[in-house]
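Asker: Have a look at the structure that comes next, please.
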């Protein structure tokens with residue numbers, strides 16, 4: 001369970017510095033708190049079987065506004081899988097911590113100080129209020145997803161919010177369908193198969209904001225395309241503040257088999273397969289965040305990209321060229337594909353979402369890719385992510401406009 005530290009009392013009877021992570025998406029284990037020094041030391045909570053312990057998000061109570069404070073973050077030393085090993089601390093130590101006084105507008109602390117021998121990150125900042133929140137990155141929770149979908153549905157005539165499935169934890173996984181129903185072209189975009197990768201949902205927010213907006217290109221796209229978007233796939237772990245990656249028995253992005261563990265994965269497979277059976281599927285994009293050392297967004301492409309020929313190679317090459325033109329900054333896209341070579345077997349590659357879509361669709365018609373948006377840069381903010389999402393949407397509009405004219 002998430003540790004909520006009880007408020008202590010000073011000699012004057014006033015409450016002293018404390019933290020609390022007992023709320024949706026919260027995660028923190030207290031290592032130490034020194035109220036006199038305004039010092040907090042935490043590590044991400046370890047949730048058995050729920051994947052990587054890298055996400056942290058908690059409330060600070062009884063701070064002195066304007067006082068200089070110190071937050072230290074360590075990795076969790078416990079194994080995240082039975083018989084496994086601990087996760088490297090760097091996954092829990094972003095360049096800047098996210099900070100907010102209302103849990104809606106998120107800014108950043110100054111860049112942290114990193115001790116590679118002690119495996120700690122230290123963030124120094126001025127307390128913005130008596131009560132505020134700190135997080136690994138700007139959180140994006142199921143309630144945020146619902147608000148995003150409802151806003152888009154009100155903005156676009158005919159848009160429909162749907163429940164993809166109910167999770168094993170009995171939570172609804174919601175998405176939105178908008179654009180021209182039964183149009184010749186359809187696309188599927190989804191985010192957060194790994195719950196800790198909150199930046200993926202923020203990219204998705206920017207994508208949907210543009211798609212549902214008034215730009216002439218967005219209006220034309222909706223007139224000729226049916227668009228499906230799911231902002232959070234791993235709702236259960238996002239709600240519980242767990243990482244999701246390498247969860248037991250497997251994470252969402254290794255569950256795209258003939259017998260999925262997660263109802264939401266099975267439901268997505270059915271909907272995507274129906275679009276493909278009708279000859280309508282054109283593009284599948286899965287939104288993720290990569291490793292701490294990655295400083296630019298990039299696409300994971302098909303492993304056989306270099307041996308592709310004809311229309312298949314042409315589609316994949318044109319897609320990344322357009323995407324690189326549009327996703328130009330402040331987080332510019334790497335203009336060539338990368339390949340998930342760390343996945344060594346064809347069986348496991350087929351259980352990844354983009355691989356499953358490629359294996360179950362016409363390669364001469366469908367582009368299936370994973371977008372990894374860097375989280376550990378000066379521009380890896382809510383605003384930066386949303387910009388990438390809007391740029392992604394413009395790339396989609398250009399790509400589908402070109403293919404529709406052929």
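FYI, it's all coordinate maths here, none of it is from the lab. Fair warning: this is a prediction, and the values are worked out from it, not measured in the lab. A quick note on method: Cβ atoms are made from the backbone with ideal geometry, for glycine too, and the neighbour counts reach across all protein chains shown.
Asker: Compute the relative contact order of the chain as a whole-number percentage, counting only Cα pairs closer than 8 Å that sit 6 or more residues apart in sequence. Present the calculation step by step, with values, prior to reporting the outcome.
Answerer: Values: 947 pairs, mean separation 64.1, N = 406.
The normalised contact order for the chain reaches 16 percent.
Asker: Take the Cα pairs of the chain, get the Kirkwood Rh, then feed it into Stokes-Einstein at 10 °C and 1.306 mPa s and tell me D in µm²/s. Intermediate values should be presented prior to the final figure.
Answerer: Working: Rh = 21.8 Å.
For the chosen part, D equals 73 µm²/s.
Asker: Would you work out the relative contact order for region 321-404, in percent, from Cα pairs under 8 angstrom that are 6 or more residues apart?
Answerer: Values: 49 pairs, mean separation 37.0, N = 84.
Computed value for region 321-404: 44 percent relative contact order.
Asker: Order by neighbour count: 331, 275, fewest other Cβ atoms within 10 Å first, most last. Let's see the in-between values first.
Answerer: Numbers: 331 24, 275 21.
The most exposed by this proxy come first: 275, 331.
Asker: Related question: Cut-off is 10 Å between beta-carbons; in what order do 233, 69 appear when sorted fewest neighbours first?
Answerer: Working: 233 31, 69 21.
Ordered by Cβ neighbours within 10 Å, fewest first: 69, 233.
Asker: Now for a different question. Mind checking which of 244, 66, 310 has the largest fluctuation in a GNM of the chain, springs on alpha carbons under 10 Å?
Answerer: Result for the chain, Cα springs under 10 Å: 310 fluctuates most.
Asker: Taking only DSSP H segments of four or more residues, each worth -39500 (n - 2.57), what value at 222 nm results for the chain once the sum is divided by all its residues, to the nearest 500 deg cm²/dmol?
Answerer: Working: 9 runs with 110 residues, N = 406.
Value at 222 nm, helices only, nearest 500: -8500 deg cm²/dmol.
Asker: Right, something else. Which three semi-axes in whole Å describe the equivalent ellipsoid of region 342-381, each the square root of 5 times a Cα gyration tensor eigenvalue, listed largest first?
Answerer: 27, 15, 6
Asker: Same structure, new question: Can you sort 189, 343, 388 so the residue with the fewest Cβ neighbours within 10 Å comes first?
Answerer: Exposure proxy ranking, most exposed first: 343, 189, 388.
Asker: I need two numbers for region 18-135: Rg to one decimal and Dmax as a whole number, Cα atoms only, in Å.
Answerer: Cα radius of gyration and Dmax of region 18-135 are 13.9, 45 Å respectively.
Asker: List the extent of the Cα atoms of region 89-241 along each of their three principal axes, largest first, rounded to whole Å.
Answerer: Taking max minus min along each principal axis of the Cα atoms, region 89-241 gives 57, 37, 30 Å.
Asker: Here's a follow-up. Quick one: grab the alpha carbon gyration tensor of region 275-361, order the square roots of its eigenvalues as a ≥ b ≥ c, and give me rounded if a/c is under 1.5, else prolate or oblate depending on whether a/b is larger than b/c. Intermediate values should be presented prior to the final figure.
Answerer: Working: a/c = 1.68, a/b = 1.23, b/c = 1.36.
Because a/c hits 1.5 or more and a/b fails to exceed b/c, region 275-361 counts as oblate.
Asker: Would you kindly compute the Cα radius of gyration of region 226-283 and its largest Cα-Cα separation (Dmax), both in Å?
Answerer: When restricted to Cα atoms, region 226-283 yields Rg and Dmax of 13.0, 39 Å.
Asker: Right, here's the next one. So for region 306-406, what percent of the C-alpha to C-alpha distances run longer than 25 Å? Show your work: numbers first, answer last.
Answerer: On the way: 1330 of 5050 pairs.
Cα-Cα pairs of region 306-406 separated by over 25 Å account for 26 percent.
Asker: Taking the Cα-to-Cβ direction at residue 143 and at residue 118 and moving 7 Å from each Cα, how far apart do the two end points lie in nm?
Answerer: Label-label distance for residue 143 and residue 118, simple model: 3.5 nm.
Asker: A follow-up question, please. Provide the percentage of antiparallel DSSP beta bridges, counting only those with both residues in the chain; round to the nearest 5. Each step should come with its number before you reach the end.
Answerer: Numbers: 42 of 65 bridges.
Restricted to the chain, the bridges split so that about 65 percent are antiparallel.
Asker: Could you compute the FRET efficiency for residue 257 and residue 39, with r as their C-beta to C-beta distance and R0 at 45 Å, rounded to 0.05? List each step's numbers first, then the result.
Answerer: Numbers: r = 47 Å, r/R0 = 1.05.
The calculated FRET efficiency here is 0.45.
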